[in-house]
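Structure, as structure tokens:
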Amino acid sequence: MRTSIDHWLPLWRRLEASGDAAAWHARLLSAYAEPQRVYHSLQHLDECLRVLDEAKASGSMKQPDLVEMALWFHDAVYDPKGSENEALSIQMAVEALGDGEVASEVARLIMLTKSHQLGEGLDDAWIIDIDLAIFAQAPERVEEYERQIRAEYAWVPEAVYREKRAEILTGFLNRERIYLTDFFHQRYDEIARRNLSQLIAQFRS
């Protein structure tokens, strides 16, 4: 898997992080395997990192190592009923990386995965697009993704869930560009629109 320690250790060294790299890797794998996670799991992290590798091949990403580290930590804390997941994930990243420029930029990138709105960083669009790449996967994976999200919100009544979920997905569909980078827009926008339209239709049927 792309989440193996063989990928983690070189990243840790490239960013000149101190501390016990192997221990942090084990802590992250344990976090992503927590029982409340159905979508926000190692599967999601692995998919994000694989999409990152594809995107890096474009040569347009300015600081790919920082984006990668932010992806490793972006769902390090995940409680489906919580509202501070990103902030708590940032705390874990800062604990791992120290209170320096690397940690500061990683923290800023992580927060973008909550709003999915651009900041002023050079690679903001990349991490947002990678986090949303699930919308452009094969239809069977998108259907699985939606089942996984529903399972994470199992306590929400069906009628409420269908209404709110349709609103969220419609918000993405109504964007002028679902994907902000040219790389993702050209490859995946049309596919994502088709998949989102199908999901929304199911919720509103």
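Structure above, values below:
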quantity	calculated
Qualifying residues in the range 144-177 (those that are more than 19 Å from the chain's Cα centre (by Cα) and not in a helix (DSSP H, G or I)) - the one nearest to GLN198 (Cα to Cα)	ASN174
Residue within the range 153-168 that is in contact with a Leu (Cβ under 9 Å, 6 or more places away or on another chain), within 29 Å of PRO35 (Cα to Cα) and not assigned by TED's automatic domain parsing to the domain that holds LEU45 present	yes
Matching residues in the range 94-149 - criterion: being over 14 Å from LEU71 (Cβ atoms) and among the polar types (S, T, N, Q)	SER104, SER115, GLN117, GLN137, GLN148
Residue in the range 11-29 that is closer than 29 Å to ALA151 by Cβ, out of contact with any His (no Cβ under 9 Å at 6 or more places or on another chain), among the small types (Gly, Ala, Ser) and surrounded by 20 or more Cβ atoms within 10 Å (Cβ to Cβ) present	no
Residue match in the range 1-13 (condition: of a type in the set (Val, Ile, Thr), assigned to a loop (DSSP other than H, G, I, E, B) and more than 25 Å from TYR188 (Cβ to Cβ))	no
Filtered residue count, the range 105-133, keeping only those that are surrounded by fewer than 15 Cβ atoms within 10 Å (Cβ to Cβ) and among the hydroxyl-bearing types (Ser, Thr, Tyr)	1
Subset tally (residues that are of a type in the set (A, V, I, L, M) and not in a helix (DSSP H, G or I)) for the range 113-129	2
Residue count, the range 51-68 (criterion: exposed (fewer than 15 other Cβ atoms within 10 Å of the Cβ), modelled with pLDDT of 95 or more and either in a loop (DSSP other than H, G, I, E, B) or outside the structural domain of ALA107 (by TED's automatic domain parsing) (or both))	1
Of all residues in the range 69-104 being among the small types (Gly, Ala, Ser) and part of a loop (DSSP other than H, G, I, E, B), the one that is surrounded by the fewest Cβ atoms within 10 Å (Cβ to Cβ)	SER83
Among the candidates GLU140, GLU144, residue that is free of Cβ contacts under 8 Å to residues at least 24 places away in the same chain and surrounded by 13 or more Cβ atoms within 10 Å (Cβ to Cβ)	GLU144
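The values are calculated or read from the model by the stated rules, or taken from the named source; none is laboratory data. Only a predicted model underlies this, so the values are computations on that prediction, with no experimental measurement involved. Don't worry about glycine lacking a Cβ; one is built from the backbone with ideal geometry, like all the others, and counts go over all protein chains shown.
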